[in-house]
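Below is one structure, written out as structure tokens, with a few remarks after it.
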Amino acid sequence: MLRIHFNGDDLARVRMAARPDALWESILSFHRLRDRRGALVFGEWRSQARTRLRGETRLLSALVPQRGYFPDFLTPPEGCDGLDTGLEALRATPPARLHSEVALAAAHRSPLRSLPGRLVCLAEGRAESVARLVGALRAYYRAAIEPYWTHIQGRVEADRAVRGRALLDGGAGELLASLPPVLRWRAPVLEADYPVDRELHLDGRGLLLQPSFFCRGTPVVYRDTSLPPMLVYPVSHSTEQPAGDGGGASLGRLVGHTRSAVLQAIRGGCTTSELARRAGVSLASASQHAAVLREAGLVVTLRHGNAVLHSLTPLGAALLRGGATPEPELAMRGTDPSLRR
């Protein structure tokens, strides 16, 4: 059982990540690459990603087992600012921390000298070994994550819309209560089933909520409680659009002033009833238009309680901007996870 303990200051400092975290998505996707579950959502992605990968997975396999702990330094907090920023933070990891976390990851293959040579060099903090790891992560991201980034962003943005609505409706407590069913808010404690017993006391530091496309099942936290508290949790997946390159012929159906008005009305997120009212169409028509926009990859729809909430994907937002680049502050800079901690 994982139990995250909040006080009043922590509730005031709960916040949502502004975007997907490139390194968390990379490491968690590496788990998805090696298991066979979730074929409907991840099956096509697995097939496509494997054809692009070369030798990037050898070093990652040694550090990220299919079950059990993987080093916290692989997913530094700076990763929320983009791949380059995250990799620079990883590159700057102190040698003592590299040694302790690699040794911990290799606990089932002790002593440390029995590890593959590339991990021994990494544990010793050798610059060339760290550079090799950074290169492997960058190459893996380009092959397995970057081609799907727009789809990943769309799912995370949809989740943010649901959480933002809960926050506006009822504050931080309602936000925590709105999290996926794998998490249970029993004030002042947030609980989740976990492979080990963990008690995380936030002690006024607050909590960053990081929705993740490739997280599956159980949420994940850092093992090192001195790091800024972060909870990585799975977004909801629709079976209507598996992870893949997407787009295509459905865009040809996107014509007419009414559908353009519907797309405008979805900006910022709305329910089907709100969409009908904003766009001046019937409820049935609003639902039909939303379905076409969803098929075209412009809208993501998630169920929230008894209602459904529509939000724009990055592609839908770009279409409304006429293809213009988003404001700089909004642009992207730059084993089973449930068994990790």
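Of the residues that make up the range 290-312, is at least one basic (K, R), modelled with pLDDT of 50 or more and surrounded by 12 or more Cβ atoms within 10 Å (Cβ to Cβ)?
yes
Using the structure shown, decide if L190 is in a helix (DSSP H, G or I) and open to solvent by less than 60 Å² (accessible area, probe 1.4 Å).
No: the conditions fail for L190.
Step by step: first the residues of the range 63-87, then only those that are open to solvent by less than 10 Å² (accessible area, probe 1.4 Å) and part of a helix (DSSP H, G or I), then the one that is farthest from M230 (Cα to Cα). Which residue is that?
L63
Can you tell which of V156, V120 is of a type in the set (V, I, T) and closer than 16 Å to L59 by Cα?
V120
Which pairs do you get when a residue that is under 11 Å from R198 (Cβ atoms) and among the basic types (K, R), found in the range 219-233, comes within reach of a residue that is assigned to a loop (DSSP other than H, G, I, E, B) and at pLDDT below 95, reach meaning Cβ atoms under 6 angstrom, with the pair 6+ apart or on two chains?
Pairs found: R223/R341.
Which residue out of R32, R50 is assigned to a helix (DSSP H, G or I) and buried (at least 20 other Cβ atoms within 10 Å of the Cβ)?
R32
Have a look at R163, R142, R186 and point out the one that is basic (K, R) and within 22 Å of I266 (Cβ to Cβ).
Values: R142 fails: within 22 Å of I266 (Cβ to Cβ); R186 fails: within 22 Å of I266 (Cβ to Cβ).
Just one listed residue meets the conditions, R163.
Would you mind stating whether V120 is touching a Leu at 6+ places or on another chain (Cβ under 8 Å), open to solvent by 30 Å² or more (accessible area, probe 1.4 Å) and among the β-branched types (V, I, T)?
It is true that V120 is touching a Leu at 6+ places or on another chain (Cβ under 8 Å), open to solvent by 30 Å² or more (accessible area, probe 1.4 Å) and among the β-branched types (V, I, T).
Is there any pair linking a residue in the range 185-198 that is farther than 23 Å from G68 by Cβ to one that is of a type in the set (K, R) and not in a loop (DSSP other than H, G, I, E, B), with Cβ under 9 Å and at least six apart or on different chains, and which?
Final answer for the pair search is V189/R3; L190/R3; L190/R184.
Out of the range 258-287, which residues are outside any helix (DSSP H, G or I) and open to solvent by 30 Å² or more (accessible area, probe 1.4 Å)?
Residues satisfying the conditions are R267, G268, G280, V281, S282.
Within the range 10-29, which residues are open to solvent by less than 20 Å² (accessible area, probe 1.4 Å) and either part of a loop (DSSP other than H, G, I, E, B) or of a type in the set (S, T, N, Q) (or both)?
Initially, the range 10-29 is screened for residues open to solvent by less than 20 Å² (accessible area, probe 1.4 Å), giving 10, 17, 20-29.
Scanning the range 10-29 gives A17, P20, D21, S26, S29.
Being basic (K, R), farther than 25 Å from T75 by Cα and buried (at least 17 other Cβ atoms within 10 Å of the Cβ), is that true of even one residue in the range 162-174? If you could, list the steps in order and put the result at the bottom.
Step one: of the range 162-174, the residues basic (K, R) are 163, 165.
Now restrict to residues that are farther than 25 Å from T75 by Cα: 165.
With the extra rule that they be buried (at least 17 other Cβ atoms within 10 Å of the Cβ), the set shrinks to 165.
There is at least one residue in the range 162-174 that is basic (K, R), farther than 25 Å from T75 by Cα and buried (at least 17 other Cβ atoms within 10 Å of the Cβ).
On the given criteria, is V182 among the β-branched types (V, I, T) and touching a Cys at 6+ places or on another chain (Cβ under 9 Å)? It would help to see each step written out before you state the result.
Values: among the β-branched types (V, I, T): yes; touching a Cys at 6+ places or on another chain (Cβ under 9 Å): no.
Spelling it out, it is not the case that V182 is among the β-branched types (V, I, T) and touching a Cys at 6+ places or on another chain (Cβ under 9 Å).
The values are calculated or read from the model by the stated rules, or taken from the named source; none is laboratory data. Everything quoted here is computed from the prediction, not taken from an experiment. No Cβ is skipped: glycine too gets one built from the backbone with ideal geometry, and neighbour counts run over all protein chains shown. Note: areas computed on protein heavy atoms with side chains; ligands, DNA, RNA excluded. Shrake-Rupley method; radii C 1.70, N 1.55, O 1.52, S 1.80 Å.
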